[in-house]
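Beneath this line is the structure, given in structure tokens, with notes to follow.
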Amino acid sequence: MKHTIIALLENEPGVLNRIASLFRRRNFNIESLTVCRTESPDYSRMTLVVDTSETDAELVRKNLAKMINVIDVQDVTHEPIVVRDLALVKIKADAAIRAEIMDLVQIFNAKVVDVSPDELVVEVVGYESRVDNFLNMLRPKGIIEMARTGRIAMPRCGSTPHTPTAVLDGHLSLTNDQ
Amino acid sequence: MGYEPISANAAHQPTTIASEPRSRQKRTMKAAEALVEVLVREGTEHFFGHPGGATLPMYDALYHYPQVKHYLVRHEQIGVHAASGFARATGRPGVCTGTSGPGATNLITGLTDAMLDSTPIVALTGQVVTTWIGKDGFQESDITGMTIPATKHNWLVHNEHEVASTVYEAFKLAMHGRQGPVLVDVPRDVYQREVEFDPNDVVAKHSYRAPSKPSAESLRRAAEAILRAERPIVYVGGGAISSNASKELIDFALTLGAPVATTLMGKGAFPETHELSVGMLGMHGNACANYTMHNTDLIIALGARFDDRVTLKLDAFAPYAKVVHVEIDPAEINKNRRADYPLHGDLRTVLQELTPLVKGFKKEQIAAWWRQVGEWKAKYPLVYYQNADTILPQFAIDTLYQLTKDRHPIVTTDVGQHQMWTAQFFKFDKPRKFITSGGLGTMGYGMPAAMGAQVGCPNDLTLCISGDGSFMQCVQTLMTASEHNIPIKVFVMNNNHLGMVRQWQELFYQERFNAVHMPNQDLARIAEAFGCVGLRAKTPDDIERTFKQALEVTDKPVVVDVFCAQDENCYPMWPSGTAIDAMIIDNPKYAGTTLKGVTR
């Protein structure tokens, strides 16, 4: 099944290389990986999706947790989380089909972010399956190019936050015992 | 490696060699000297390396610190293996260095070896000057990039103020949790910059917490499983040695009175001459140990990682067993074999807490099990058939063991048949005495490791048992060893072949022998050319006399070229990827022989 893993990393050059090297060396197959800055300039945050067994997901988490630049790792798959994926799609939209496209944009609550006489760039945000559906509807109309962020995730309100402060204050453990 | 032009001024600078460390007060110094101050602070007395352009500032700083003794190795691989031998014999981190580019890349084999065998090593490398990094300058290599999978962690230090603290952290990390190698790469200009440094006040960027302990609940559940076991086995790996847990292990094993089997890496953690010991597990292990493992109902794995050389075909391995797995590295738990009772923590500490919980173990409940294990033990001893003419390696190794066992020697090996025969015939009653390349199987490991171990333990008799293939891989170790009068004793089981590869070609490739024959080697003369004593044992009658002669040499290295049978194979042999019924216990060649077998 798909596992969503959140990790807090030191914001240093080469950290992503170390993580990529770990996945390659241990033969873990990544479905998506996003890394971005956090509210603190010293740390970055990674959301990782791996489609694998429970045992292997556990190994991914433990191997990540061993890395010196990794401050905290949590597999949030079974926790209540908010998940988002964003896609930008450039699509053919001449006068003949523009109205049809605009209907889809409206149904999916998407947004036109750029326009020319023959093309549109549309932004869609949501759970991956929603983005997938939107893309499936557009595909027959002729997608020119497409970019997706992959999943980012956050535990819902009321759970322990995955932030540098929470880790440094000792609310989260550095490595997880059995 | 490489050279740097020496400026005219440098040659005329007045130099004094201080007999004491320089002032241990806060003062201005070059980052390279701050680095050496950290080496001193961490108790580094022996340092194995090869200088070059990028590490010249470090060597210049070392000039003033005679208390850090440097051994000039003739190849950086020797330096890193020597650091490994030192670390495994002493339990303290080994320290080695190479310059930028080829000097650094030559360390990679040894770092990978240390990574797989969890050996604490601090490797220091030089890098090209900061402005040339990424420009493919002379002797540039991306050593931190290359050694990501070969180290626990590594650092490229851009800031001169972080050199000392990074090296300090490197020492901490090498020994923290599951031990292993680390590497610090410092550009030449960073070494040369001045810093305000207080040797008494070094702080690492990361703090390392004590390894976590298993919960009382998980300990209780594991203890219950142990108390219920009717056919238990204690499976001891190298972690028992890394964690200095021998005393606790003996207490634990005696409390249960259960059979104890070790891996290649665990040899000596539990006394092998003890009646509870059933020997070594795995591909060339004792049949008794393997049968005990196969039939057990509870594996108590202590600092072991279910390596393929122990399990062979994983899904046919120990099919009736539940598993208690005590392991310091959480990523080892459930990696190869699912643990029913995982106990994550330092083995020594865990055993201190676990043993009292199993005090009530009733030894009667494993009496039937011991009858069975005892039968295997009696039925499947190690055996060899020495004739009057040609030396069998087993005979040579067994004789060496009998001659030296009372002195509890440190024994290193290289990799191949001789390694397996040494593991079979040498029994170790103490930890840190058997030093071999287990995980990576690095030919060429033995002599450098012996040199490092002898340097760290100057009063111990230190032997290296090698083969003619492995001997050649780091033969220039002899030069450094003779230069420093390091009296290692090297016994080469010379069968003019890469014996283990030859064995596989014979058994699995229908005797299509290819690239395994190595004729015309005169190893004693090679030894003499390097300033060592060279001896030869040509017939079985020569063995005892020649070995005794070698053991009497105390002021320089000695190499004994042992002329061995060329076609002797190593048994028992349990072929890779098979279940236990494929294990071949006795050498079929001797079926029906009239020779009298020697059994051990």
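Any read-out appearing in this document is the output of simple, stated calculations on the displayed coordinates, not a laboratory observation. The structure displayed is predicted, hence computed values, not measured ones. Neighbour counts are summed over all protein chains in view; Cβ atoms, including those assigned to glycine, are modelled from backbone coordinates with ideal geometry.
For segment B:263-304, the set of residues classified as of a type in the set (S, T, N, Q) and closer than 24 Å to B:LYS359 by Cβ consists of B:SER277, B:THR292, B:THR296, listed by residue number. Screening the candidates A:THR52, A:THR38 for the property of being touching a residue at least 40 places away in the same chain (Cβ under 8 Å), away from every other protein chain (no Cβ under 14 Å) and of a type outside the set (A, V, I, L, M, F, W, C) yields one hit, A:THR38. Within segment B:471-482, is even one residue surrounded by 24 or more Cβ atoms within 10 Å (Cβ to Cβ), in contact (Cβ under 8 Å) with a residue 24 or more places away in the chain and closer than 24 Å to B:GLN402 by Cα? Yes, some residue in segment B:471-482 is surrounded by 24 or more Cβ atoms within 10 Å (Cβ to Cβ), in contact (Cβ under 8 Å) with a residue 24 or more places away in the chain and closer than 24 Å to B:GLN402 by Cα.
So is B:ALA396 surrounded by fewer than 18 Cβ atoms within 10 Å (Cβ to Cβ) and either within 14 Å of chain A (Cβ to nearest Cβ) or under 26 Å from B:MET283 (Cα atoms) (or both) or not? Spelling it out, it is not the case that B:ALA396 is surrounded by fewer than 18 Cβ atoms within 10 Å (Cβ to Cβ) and either within 14 Å of chain A (Cβ to nearest Cβ) or under 26 Å from B:MET283 (Cα atoms) (or both).
One residue stands out in segment B:182-213 among those that are more than 10 Å from B:ALA164 (Cβ to Cβ), buried (at least 18 other Cβ atoms within 10 Å of the Cβ) and among the aliphatic types (A, V, I, L, M): the one that is nearest to the other protein chains (Cβ to nearest Cβ), namely B:VAL182. Checking each residue in segment A:55-94 for being touching a residue at least 12 places away in the same chain (Cβ under 8 Å), within 14 Å of chain B (Cβ to nearest Cβ) and either polar (S, T, N, Q) or touching a Lys or Arg at 6+ places or on another chain (Cβ under 7 Å) (or both) picks out A:LEU59, A:ASN63, A:MET67, A:ASN69, A:VAL73, A:ASP75. Looking across segment B:322-358, the residues that are in contact with a strand residue (DSSP E or B) (Cβ under 8 Å, 6 or more places away or on another chain) and away from chain A (no Cβ under 14 Å) come down to B:LYS322, B:LEU347, B:LEU351, B:LEU354. Residue count for segment B:318-362, restricted to those that are under 19 Å from B:LEU254 (Cα atoms), assigned to a loop (DSSP other than H, G, I, E, B) and not hydrophobic (A, V, I, L, M, F, W, C): 3. Checked against the criteria, B:GLY345 does not count as in contact with a Gly (Cβ under 9 Å, 6 or more places away or on another chain) and crowded, with 24+ Cβ neighbours inside 10 Å. B:ARG371 falls short on exactly one of the conditions (1) under 18 Å from B:LYS247 (Cβ atoms); (2) of a type outside the set (Phe, Trp, Tyr); (3) away from chain A (no Cβ under 14 Å), and that condition is (1).
Of all the listed residues (B:THR99, B:THR131), the sole one being of a type outside the set (Asp, Glu), more than 25 Å from A:ARG25 (Cβ to Cβ) and surrounded by fewer than 24 Cβ atoms within 10 Å (Cβ to Cβ) is B:THR131. When you scan segment B:516-537, do you find a residue that is under 24 Å from the mean Cα position of the chain (by Cα), among the hydrophobic types (A, V, I, L, M, F, W, C) and surrounded by fewer than 21 Cβ atoms within 10 Å (Cβ to Cβ), even just one? Checked segment B:516-537: no residue is under 24 Å from the mean Cα position of the chain (by Cα), among the hydrophobic types (A, V, I, L, M, F, W, C) and surrounded by fewer than 21 Cβ atoms within 10 Å (Cβ to Cβ).
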